[in-house]
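In what follows, a single structure is set out as structure tokens and then discussed.
The values are calculated or read from the model by the stated rules, or taken from the named source; none is laboratory data. These numbers come from a predicted model, not from an experiment. Note: ideal-geometry Cβ built from the backbone for every residue, glycine included; neighbour counts use all protein chains shown.
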Amino acid sequence: MNHTVVVIGGGYGGSLVAKELDSEADVTLIDPREAFVNAAASLRALTRPDWAHNAFFSFATLLQQGRVIRDRAVSVDPKGVTLASGERVEADYLVLATGSDYTYPAKPHHASTSIDQQLDDLRETHRELAGTDRVLILGAGPVGLELAGEIKDVWPDKYVVILDRAGRLLPGFLPEVRNELRRQLDELGIDVRLGTGLTVLPTVEAGRAGRFAVTTDKGEQIVADTWFQAFGVKINTGYLADGRLSPLTAQKTVPVTERLNVQGYDHVYAIGDIVALPDPKMASYSMVHADLVVKNIKAQLAGDRPHAVHTPTPERRILLPLGTRAGVGQLPTPDGVAAATTETVRQRKGADLFTARFASRFGRS
Ligand SMILES: Cc1cc2nc3c(=O)[nH]c(=O)nc-3n(C[C@H](O)[C@H](O)[C@H](O)COP(=O)(O)OP(=O)(O)OC[C@H]3O[C@@H](n4cnc5c(N)ncnc54)[C@H](O)[C@@H]3O)c2cc1C
């Protein structure tokens, strides 16, 4: 009889593990969503409704043999998982890959919404945004910057202002990358105000149209017609809080070994944003973790000892498009990290926001 592998969460890492082990074991993927959400594409999905469907990939086409259960894990123990419906799924191998939530529109409003509902939400926010002249974005991290770039790409004449309490853009990245980012933002006419925050949020709901004025903590007044929140990652490990598997860290992340096992269990793994590793919380690292776990589970299925180990990297990498034409990046090279050209950023991310890669994973032609 085949061994069972249960993957909890079908994001960047979990969907890869499920796909790669589909022919090797009885795979069950558990996720409340109807589709994988390519978060990297969600900001363009907001500004270009005709393109928005590209951000979603139905789980129905991911696996040839395995099954997908559309439900949420509420508790995990060494033998298996209990779902919100009350259903119990036993597992020989468990992979925890429940990632993180982020404020809409960067990630969906509600975990269990259908593709149609998510597209409706984006169309509605697009309608509100289209009618505005002045947009305020709170947070100048990659999400806030990319959102500003997508808005300017479609509506070059809109005034876009970004506030962030941090004093520097992309701290920890090369000075040439940060300087080039500043130059491109200036060229696009995006008003970035660093070391500046709000003491009170706008009275209008985020993503809704309606003129408002806010005063920054520096005493400047900003008038805008809509605003978006671009900060606040929330790690999805609430279903582990009962401690039936393993205690969480103070940051609510999952401690793992160098083989990415949840500490204390050779048959339970954790990957992606939920793990307590110094790796940045990024899809690219989640997929590195996924590849490693696939190797280790394949070895175990073959009766061998799992031997692949993960070494977290101190190197910071990023591809940060500002719409379809502009953007900056930093990538690893044999001599350490280096700035990427705008053309590289465009080709590797800005042009299609990884749509082709996930079309291939999900068997979409
Ligand atoms: C706008 C935006 C752009 C980004 N761009 C990039 C980029 O260009 N490059 C990059 O490397 N990173 C990027 N990131 C970061 C990246 O999205 C995250 O690091 C990544 O999503 C983490 O992947 P993951 O595999 O850990 O889980 P996720 O992709 O977060 O997926 C988790 C899955 O688990 C499911 N889930 C949650 N709770 C449960 C539960 N209790 N039971 C069952 N299922 C559950 C969710 O529904 C979801 O499908 C971006 C993020 C945002 C918001």
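Just one of the listed residues (Ala39, Ala35) is over 18 Å from Thr103 (Cβ atoms) and under 17 Å from the mean Cα position of the chain (by Cα), namely Ala35.
Candidates Tyr265, Tyr269: the one that is assigned to a strand (DSSP E or B) and in the same structural domain as Val37 (by TED's automatic domain parsing) is Tyr269. Residues in region 1-44 that are within 17 Å of Phe59 (Cβ to Cβ) and among the acidic types (Asp, Glu): Glu20, Asp22, Asp26, Asp31, Glu34.
Could you tell me whether Ala213 is surrounded by fewer than 13 Cβ atoms within 10 Å (Cβ to Cβ) and either small (Gly, Ala, Ser) or not assigned by TED's automatic domain parsing to the domain that holds Pro321 (or both)? Criteria met by Ala213. A search for C-beta distances below 8 Å between a residue of region 35-51 that is over 13 Å from Phe358 (Cβ atoms) and any residue that is at pLDDT below 95 and within 6 Å of the ligand (Cβ to nearest atom), counting only pairs 6+ apart in sequence or on different chains, returns Leu43/Ala106.
Out of Ala130, Ala84, which single residue is near the ligand (Cβ under 9 Å from one of its atoms) and not acidic (Asp, Glu)? Talk me through it step by step, then tell me what you get.
On the way: Ala130 fails: near the ligand (Cβ under 9 Å from one of its atoms).
Sole residue among the options that is near the ligand (Cβ under 9 Å from one of its atoms) and not acidic (Asp, Glu): Ala84.
For Gln300, the criteria (1) without any contact (Cβ under 8 Å) to a residue 40 or more places away in the chain; (2) in a helix (DSSP H, G or I); (3) more than 20 Å from Tyr102 (Cα to Cα) hold in every case but one, which is (1). Being among the hydrophobic types (A, V, I, L, M, F, W, C) and in contact (Cβ under 8 Å) with a residue 60 or more places away in the chain holds for only one residue in Val233, Val275, Val256, and it is Val233.
Give me the residue from region 87-103 that is more than 10 Å from the ligand (Cβ to nearest atom) and in a loop (DSSP other than H, G, I, E, B) and, out of that set, farthest from Gly264 (Cα to Cα).
The first filter runs over region 87-103 and keeps only residues more than 10 Å from the ligand (Cβ to nearest atom), leaving 87-95.
From what's left, in a loop (DSSP other than H, G, I, E, B): 87, 91-92.
On the way: Glu87: 25, Ala91: 16, Asp92: 15 Å.
Per the stated criteria, the residue is Glu87.
Would you mind stating whether Leu94 is hydrophobic (A, V, I, L, M, F, W, C) and over 30 Å from Val256 (Cβ atoms)? Quick ask: steps written out before the conclusion?
On the way: hydrophobic (A, V, I, L, M, F, W, C): yes; over 30 Å from Val256 (Cβ atoms): no.
It is false that Leu94 is hydrophobic (A, V, I, L, M, F, W, C) and over 30 Å from Val256 (Cβ atoms).
Listed by first and then second residue, the pairs linking a residue in region 338-361 that is without any contact (Cβ under 8 Å) to a residue 40 or more places away in the chain to a residue that is in a loop (DSSP other than H, G, I, E, B), with Cβ atoms under 7 Å apart and 6 or more places separating them unless they lie on different chains, are Arg346/Arg325; Gly350/Thr324; Ala351/Thr324. Could you please give the count of residues in region 289-323 that are of a type in the set (Val, Ile, Thr) and near the ligand (Cβ under 10 Å from one of its atoms)? Counting residues in region 289-323 that are of a type in the set (Val, Ile, Thr) and near the ligand (Cβ under 10 Å from one of its atoms) gives 1. Total residues in region 142-178 satisfying the condition of being under 16 Å from Val337 (Cα atoms) and assigned to a helix (DSSP H, G or I): the figure is 4.
One line per residue, one yes/no per condition, for (1) small (Gly, Ala, Ser); (2) closer than 25 Å to Lys19 by Cβ:
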{"site": "Ala84", "(1), (2)": "yes, yes"}
{"site": "Arg88", "(1), (2)": "no, yes"}
{"site": "Leu96", "(1), (2)": "no, yes"}
{"site": "Tyr102", "(1), (2)": "no, yes"}
{"site": "Pro108", "(1), (2)": "no, yes"}
{"site": "Leu122", "(1), (2)": "no, no"}
{"site": "Ala140", "(1), (2)": "yes, no"}
{"site": "Glu146", "(1), (2)": "no, no"}
